[in-house]
Amino acid sequence: MHNLSQLLTTRIRLSALLPYTFNVKNSSELIRELKQTPVTSTSLFASLDITNKYSNIPFKETKQILKNMLASHMTDHNISSEILICYEVIIKQNYFAHGDRAITQTDGLTMGASSSGIISEIFLQHFEHSHLHILAHKHKLVNYFRYVDDVLLICDALHNDIHTILSDFNSFHPNLQFTKETEHNKKLNYLDITIHKTPTSVNIGVFRKPTITDTMIPYTYNHLPQHKYAAIRFLYNRLNSYQLHKTEYQREENIIQNFLHNNSFSLRPPGKQRPKLTCLPTMHPLSKNGTLSLTLAQRPPI
(Lines give C-alpha, C1' and ligand atoms only; values in the text may rest on other atoms or scores of the structure.)
Protein backbone atom coordinates (compact mmCIF):
# COMPACT_ATOMS: atom_id res chain seq x y z
CA MET A 1 0.00 0.00 0.00
CA HIS A 2 2.90 2.35 0.68
CA ASN A 3 4.21 1.90 -2.87
CA LEU A 4 0.73 2.50 -4.30
CA SER A 5 0.40 5.70 -2.25
CA GLN A 6 3.74 6.93 -3.56
CA LEU A 7 2.71 6.07 -7.13
CA LEU A 8 -0.55 8.00 -6.74
CA THR A 9 1.29 11.01 -5.32
CA THR A 10 3.73 11.04 -8.25
CA ARG A 11 0.99 10.65 -10.86
CA ILE A 12 -1.10 13.47 -9.38
CA ARG A 13 1.89 15.82 -9.27
CA LEU A 14 2.65 15.12 -12.92
CA SER A 15 -0.93 15.12 -14.24
CA ALA A 16 -2.87 17.58 -12.08
CA LEU A 17 -0.56 20.45 -11.27
CA LEU A 18 -1.57 22.22 -8.09
CA PRO A 19 -1.09 26.02 -8.05
CA TYR A 20 -0.03 26.34 -4.37
CA THR A 21 -1.13 29.98 -4.61
CA PHE A 22 -1.49 30.63 -0.89
CA ASN A 23 1.03 28.13 0.48
CA VAL A 24 4.38 28.94 2.03
CA LYS A 25 7.14 26.32 1.91
CA ASN A 26 8.85 27.25 5.16
CA SER A 27 9.45 30.05 7.67
CA SER A 28 12.10 31.71 5.51
CA GLU A 29 9.67 32.16 2.64
CA LEU A 30 6.99 33.42 5.02
CA ILE A 31 9.37 36.03 6.47
CA ARG A 32 10.23 37.30 2.98
CA GLU A 33 6.51 37.62 2.19
CA LEU A 34 5.81 39.40 5.49
CA LYS A 35 8.59 41.90 4.86
CA GLN A 36 6.84 42.86 1.60
CA THR A 37 3.35 43.08 3.14
CA PRO A 38 2.11 46.61 3.98
CA VAL A 39 1.55 46.96 7.73
CA THR A 40 -0.13 49.83 9.57
CA SER A 41 -0.88 50.56 13.21
CA THR A 42 -4.38 49.07 12.75
CA SER A 43 -3.21 45.81 11.13
CA LEU A 44 -4.40 42.71 12.94
CA PHE A 45 -2.49 39.40 12.86
CA ALA A 46 -4.27 36.13 13.63
CA SER A 47 -3.64 32.45 13.04
CA LEU A 48 -6.24 29.78 12.25
CA ASP A 49 -5.73 26.07 12.75
CA ILE A 50 -7.72 23.41 10.88
CA THR A 51 -9.23 20.99 13.38
CA ASN A 52 -8.30 17.34 12.68
CA LYS A 53 -7.42 18.07 9.06
CA TYR A 54 -6.76 14.58 7.70
CA SER A 55 -9.73 12.86 9.33
CA ASN A 56 -12.10 15.57 8.04
CA ILE A 57 -11.17 15.65 4.35
CA PRO A 58 -14.28 14.35 2.46
CA PHE A 59 -12.81 11.76 0.09
CA LYS A 60 -15.86 11.47 -2.21
CA GLU A 61 -15.99 15.21 -2.79
CA THR A 62 -12.22 15.33 -3.21
CA LYS A 63 -12.38 12.55 -5.83
CA GLN A 64 -14.76 14.65 -7.93
CA ILE A 65 -12.45 17.67 -7.57
CA LEU A 66 -9.51 15.52 -8.68
CA LYS A 67 -11.52 14.20 -11.63
CA ASN A 68 -12.36 17.74 -12.74
CA MET A 69 -8.71 18.79 -12.39
CA LEU A 70 -7.54 15.91 -14.58
CA ALA A 71 -10.13 16.84 -17.21
CA SER A 72 -9.14 20.52 -17.14
CA HIS A 73 -5.49 19.55 -17.68
CA MET A 74 -6.57 17.29 -20.59
CA THR A 75 -4.90 14.29 -18.98
CA ASP A 76 -4.90 11.11 -21.05
CA HIS A 77 -7.99 9.00 -20.36
CA ASN A 78 -6.01 5.89 -19.40
CA ILE A 79 -3.82 7.82 -16.98
CA SER A 80 -6.86 9.53 -15.45
CA SER A 81 -8.58 6.18 -14.96
CA GLU A 82 -5.47 4.70 -13.36
CA ILE A 83 -5.19 7.65 -10.94
CA LEU A 84 -8.86 7.43 -9.92
CA ILE A 85 -8.67 3.64 -9.43
CA CYS A 86 -5.55 4.04 -7.24
CA TYR A 87 -7.38 6.75 -5.31
CA GLU A 88 -10.34 4.45 -4.61
CA VAL A 89 -8.12 1.54 -3.55
CA ILE A 90 -6.11 3.69 -1.10
CA ILE A 91 -9.17 5.39 0.39
CA LYS A 92 -10.81 2.02 1.12
CA GLN A 93 -7.78 0.92 3.16
CA ASN A 94 -8.70 3.40 5.88
CA TYR A 95 -9.04 1.24 8.98
CA PHE A 96 -7.45 0.97 12.39
CA ALA A 97 -7.44 -1.27 15.46
CA HIS A 98 -9.08 -0.30 18.75
CA GLY A 99 -8.64 -2.91 21.43
CA ASP A 100 -9.61 -6.21 19.84
CA ARG A 101 -11.76 -4.60 17.13
CA ALA A 102 -10.91 -3.48 13.58
CA ILE A 103 -12.71 -0.23 12.72
CA THR A 104 -13.18 1.22 9.24
CA GLN A 105 -13.19 5.01 8.94
CA THR A 106 -16.11 6.07 6.73
CA ASP A 107 -14.65 9.44 5.76
CA GLY A 108 -11.34 11.26 5.95
CA LEU A 109 -7.83 10.26 4.94
CA THR A 110 -5.44 7.68 6.31
CA MET A 111 -2.97 9.10 8.81
CA GLY A 112 0.59 8.39 7.73
CA ALA A 113 -0.15 7.50 4.10
CA SER A 114 2.21 9.31 1.74
CA SER A 115 -0.74 10.22 -0.53
CA SER A 116 -2.77 11.91 2.24
CA GLY A 117 -0.74 15.12 2.00
CA ILE A 118 -1.42 15.80 -1.67
CA ILE A 119 -5.05 14.61 -1.48
CA SER A 120 -5.72 17.05 1.36
CA GLU A 121 -4.03 19.80 -0.67
CA ILE A 122 -6.40 19.12 -3.57
CA PHE A 123 -9.40 19.74 -1.33
CA LEU A 124 -7.93 22.69 0.62
CA GLN A 125 -6.71 24.52 -2.47
CA HIS A 126 -10.10 24.02 -4.10
CA PHE A 127 -11.69 25.46 -0.94
CA GLU A 128 -9.34 28.46 -1.04
CA HIS A 129 -9.88 29.22 -4.72
CA SER A 130 -13.66 28.85 -4.32
CA HIS A 131 -14.20 30.92 -1.18
CA LEU A 132 -11.16 32.99 -0.27
CA HIS A 133 -11.89 35.79 -2.73
CA ILE A 134 -15.31 36.20 -1.07
CA LEU A 135 -13.75 36.36 2.38
CA ALA A 136 -10.98 38.68 1.22
CA HIS A 137 -13.47 41.13 -0.29
CA LYS A 138 -15.90 41.00 2.65
CA HIS A 139 -13.26 41.37 5.37
CA LYS A 140 -10.67 43.32 3.37
CA LEU A 141 -7.95 40.79 4.11
CA VAL A 142 -4.48 42.23 3.54
CA ASN A 143 -2.79 38.85 3.18
CA TYR A 144 -3.36 35.13 3.70
CA PHE A 145 -0.75 32.38 4.09
CA ARG A 146 -1.07 28.67 4.81
CA TYR A 147 1.47 26.08 5.87
CA VAL A 148 -0.16 22.60 5.88
CA ASP A 149 -3.06 23.22 8.33
CA ASP A 150 -1.85 26.49 9.90
CA VAL A 151 -3.23 29.72 8.43
CA LEU A 152 -1.89 33.24 9.00
CA LEU A 153 -4.26 36.15 8.37
CA ILE A 154 -3.57 39.88 8.19
CA CYS A 155 -6.52 42.26 8.15
CA ASP A 156 -7.52 45.76 9.28
CA ALA A 157 -8.80 45.78 12.86
CA LEU A 158 -10.86 48.95 12.23
CA HIS A 159 -13.16 47.17 9.77
CA ASN A 160 -13.02 43.58 10.98
CA ASP A 161 -13.76 41.39 13.93
CA ILE A 162 -11.76 38.17 14.15
CA HIS A 163 -14.77 36.31 15.59
CA THR A 164 -16.82 37.19 12.50
CA ILE A 165 -13.98 36.11 10.21
CA LEU A 166 -13.69 32.80 12.08
CA SER A 167 -17.44 32.26 11.85
CA ASP A 168 -17.36 32.81 8.08
CA PHE A 169 -14.45 30.39 7.63
CA ASN A 170 -16.35 27.75 9.61
CA SER A 171 -19.55 28.25 7.60
CA PHE A 172 -18.27 27.29 4.15
CA HIS A 173 -17.91 23.54 4.68
CA PRO A 174 -19.15 21.35 7.55
CA ASN A 175 -15.95 19.27 7.50
CA LEU A 176 -13.62 22.26 7.77
CA GLN A 177 -13.62 23.83 11.20
CA PHE A 178 -11.01 26.32 12.38
CA THR A 179 -9.76 27.52 15.73
CA LYS A 180 -8.14 30.92 16.17
CA GLU A 181 -5.27 32.58 17.97
CA THR A 182 -4.85 36.34 17.94
CA GLU A 183 -1.90 38.57 18.66
CA HIS A 184 -1.13 39.45 22.28
CA ASN A 185 0.82 42.61 23.10
CA LYS A 186 1.35 43.03 19.34
CA LYS A 187 3.02 39.60 19.11
CA LEU A 188 1.87 36.39 17.46
CA ASN A 189 3.61 33.01 17.43
CA TYR A 190 3.35 31.18 14.11
CA LEU A 191 5.35 28.07 13.16
CA ASP A 192 8.79 28.62 14.74
CA ILE A 193 8.77 32.43 14.62
CA THR A 194 7.34 35.23 16.72
CA ILE A 195 5.91 38.10 14.68
CA HIS A 196 6.34 41.47 16.43
CA LYS A 197 4.04 44.10 14.92
CA THR A 198 5.33 47.66 14.63
CA PRO A 199 3.42 50.71 13.26
CA THR A 200 4.87 50.23 9.77
CA SER A 201 6.39 46.72 9.53
CA VAL A 202 7.13 43.52 11.43
CA ASN A 203 10.14 42.31 13.40
CA ILE A 204 10.89 38.62 13.54
CA GLY A 205 12.07 36.54 16.48
CA VAL A 206 12.55 32.81 17.01
CA PHE A 207 9.72 31.10 18.89
CA ARG A 208 10.32 28.17 21.23
CA LYS A 209 7.67 26.39 23.26
CA PRO A 210 8.03 26.56 27.05
CA THR A 211 8.84 22.82 27.10
CA ILE A 212 11.96 23.23 24.93
CA THR A 213 15.20 21.78 26.29
CA ASP A 214 18.83 22.16 25.28
CA THR A 215 19.14 18.44 24.54
CA MET A 216 21.51 17.64 21.71
CA ILE A 217 24.38 15.17 21.20
CA PRO A 218 27.13 16.39 23.56
CA TYR A 219 30.58 17.05 22.17
CA THR A 220 32.13 14.38 24.42
CA TYR A 221 29.87 11.59 23.13
CA ASN A 222 31.31 9.02 20.75
CA HIS A 223 29.23 9.93 17.71
CA LEU A 224 30.13 10.87 14.16
CA PRO A 225 31.03 14.58 13.96
CA GLN A 226 28.47 15.04 11.20
CA HIS A 227 25.75 14.00 13.66
CA LYS A 228 27.03 16.11 16.55
CA TYR A 229 27.33 19.27 14.43
CA ALA A 230 23.99 18.84 12.60
CA ALA A 231 22.00 20.64 15.30
CA ILE A 232 24.57 23.45 15.47
CA ARG A 233 24.40 23.95 11.72
CA PHE A 234 20.61 24.13 11.88
CA LEU A 235 20.63 26.68 14.71
CA TYR A 236 23.16 28.97 13.03
CA ASN A 237 21.49 28.60 9.62
CA ARG A 238 18.22 29.73 11.18
CA LEU A 239 19.97 32.56 13.03
CA ASN A 240 21.45 33.94 9.81
CA SER A 241 18.57 33.32 7.40
CA TYR A 242 15.50 34.53 9.32
CA GLN A 243 16.22 38.28 9.00
CA LEU A 244 15.96 38.68 12.76
CA HIS A 245 15.76 42.07 14.41
CA LYS A 246 19.06 43.11 15.99
CA THR A 247 17.81 42.53 19.55
CA GLU A 248 16.30 39.16 18.62
CA TYR A 249 19.48 38.18 16.79
CA GLN A 250 21.57 38.79 19.90
CA ARG A 251 19.05 36.98 22.08
CA GLU A 252 19.02 33.95 19.79
CA GLU A 253 22.81 33.86 19.55
CA ASN A 254 23.05 33.87 23.35
CA ILE A 255 20.62 30.94 23.52
CA ILE A 256 22.72 29.00 21.01
CA GLN A 257 25.85 29.76 23.00
CA ASN A 258 24.15 28.39 26.12
CA PHE A 259 23.18 25.24 24.22
CA LEU A 260 26.78 24.76 23.14
CA HIS A 261 28.15 25.39 26.63
CA ASN A 262 25.70 22.95 28.24
CA ASN A 263 26.74 20.26 25.78
CA SER A 264 30.52 20.73 26.17
CA PHE A 265 31.14 22.45 22.83
CA SER A 266 33.82 25.11 22.76
CA LEU A 267 32.57 28.70 22.62
CA ARG A 268 34.10 31.48 20.58
CA PRO A 269 36.09 33.99 22.66
CA PRO A 270 34.32 37.31 23.36
CA GLY A 271 34.79 39.77 20.52
CA LYS A 272 36.07 37.11 18.15
CA GLN A 273 34.23 36.08 15.01
CA ARG A 274 32.57 32.69 15.24
CA PRO A 275 34.75 30.22 13.31
CA LYS A 276 33.11 28.52 10.36
CA LEU A 277 32.83 24.76 10.70
CA THR A 278 34.39 23.93 7.36
CA CYS A 279 36.52 21.02 8.60
CA LEU A 280 35.28 18.25 10.80
CA PRO A 281 37.39 15.37 12.08
CA THR A 282 36.88 11.98 10.45
CA MET A 283 38.01 8.83 12.23
CA HIS A 284 39.62 5.99 10.32
CA PRO A 285 40.07 2.36 11.43
CA LEU A 286 43.20 1.38 13.29
CA SER A 287 46.27 1.11 11.07
CA LYS A 288 48.49 -1.96 10.99
CA ASN A 289 50.69 -0.65 13.78
CA GLY A 290 47.66 -0.22 16.07
CA THR A 291 47.51 3.60 16.00
CA LEU A 292 44.39 5.59 15.27
CA SER A 293 44.65 8.02 12.37
CA LEU A 294 42.73 11.29 12.30
CA THR A 295 42.20 13.47 9.23
CA LEU A 296 40.12 16.52 8.49
CA ALA A 297 37.31 16.04 6.00
CA GLN A 298 35.97 19.05 4.17
CA ARG A 299 32.40 19.91 5.07
CA PRO A 300 30.19 22.71 3.76
CA PRO A 301 30.19 25.78 5.99
CA ILE A 302 27.26 26.46 8.28
Relative contact order %, the chain, counting alpha carbon pairs below 8 Å whose residues are six or more apart: 20
Of Ser115, Ser43, Ser81, the one that fluctuates the most in a GNM where the chain has Cα springs shorter than 10 Å: Ser81
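Can you say what percent of the DSSP beta bridges in the chain, counting only those with both residues inside, are antiparallel? Round to 5.
Details: 37 of 38 bridges.
That works out to approximately 95 percent antiparallel.
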Among all the aspartates and glutamates, which ones have a C-alpha under 13 Å from Lys53's C-alpha, if same-chain residues fewer than 8 places away are not counted? Asp107, Glu121, Asp149, Asp150
Plugging the Cβ-Cβ distance of His223 and Val148 into 1/(1 + (r/R0)^6) at R0 = 30 Å yields, to the nearest 0.05, a FRET efficiency of 0.45
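Going by the alpha-carbon gyration tensor, a ≥ b ≥ c the square roots of its eigenvalues, is region 108-166 rounded (a/c under 1.5) or, if a/c is not under 1.5, prolate (a/b greater than b/c) versus oblate? Walk me through the numbers before you get to the answer.
Values: a/c = 3.09, a/b = 2.43, b/c = 1.28.
In terms of gyration-tensor shape, prolate.
Note down the magnitude of the dipole of the chain about its Cα centre, charges +1 on Lys and Arg C-beta and -1 on Asp and Glu C-beta and zero elsewhere, to the nearest 20 debye.
Its charge dipole is roughly 1220 debye.
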At a probe radius of 1.4 Å, what is the per-residue accessible area of Ser116, in Å² to the nearest 10? 10
For Lys187, list the lysines whose Cα falls under 16 Å from its own Cα; do not include residues on the same chain fewer than 8 positions away. Lys35, Lys197, Lys209
Using +1 at the Cβ of each Lys and Arg and -1 at the Cβ of each Asp and Glu in region 99-253, identify which of Leu132, Ala113, Tyr249 lies farthest towards the dipole's positive end. Tyr249
In region 1-103, chymotrypsin sites (Phe, Trp or Tyr not before Pro) in a DSSP loop with at most 13 other beta-carbon atoms within 10 Å: Tyr20
Give me the accessible area per residue for the chain, probe 1.4 Å, as a whole number in Å². 58
Take the Cβ-Cβ distance between Gln105 and Thr37 as r, set R0 to 30 Å, and report the resulting FRET efficiency rounded to the nearest 0.05. 0.15
A student applying the Cα gyration tensor rule (rounded when a/c is under 1.5; otherwise prolate if a/b is larger than b/c, oblate if not) would label the chain oblate
In terms of the Cα gyration tensor, with a ≥ b ≥ c the square roots of its eigenvalues, is region 85-136 rounded because a/c is under 1.5, prolate because a/b exceeds b/c, or oblate? prolate
Trypsin sites (Lys or Arg not before Pro) within region 163-217, DSSP loop, no more than 16 other Cβ atoms inside 10 Å: Lys186, Arg208
Keeping the other protein chains in place, figure out the carbon and sulfur percent of the accessible area of the chain, with a 1.4 Å probe. 55
Proximal lysines relative to Lys138, as straight alpha-carbon distance under 21 Å, when same-chain residues fewer than 8 apart are discounted: Lys180
How do Thr215, Thr75 rank by accessible surface area computed with a 1.4 Å probe, from largest to smallest? Thr215, Thr75
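The values are calculated or read from the model by the stated rules, or taken from the named source; none is laboratory data. Since the model is a prediction, treat every value here as computed from it, not as a measurement. In this analysis, Cβ positions are derived from the backbone assuming ideal geometry, glycine residues included, and neighbour counts consider all displayed protein chains. The accessibility values were calculated without ligands, DNA or RNA, using every heavy atom of the protein model including side chains. Shrake-Rupley method; radii C 1.70, N 1.55, O 1.52, S 1.80 Å.
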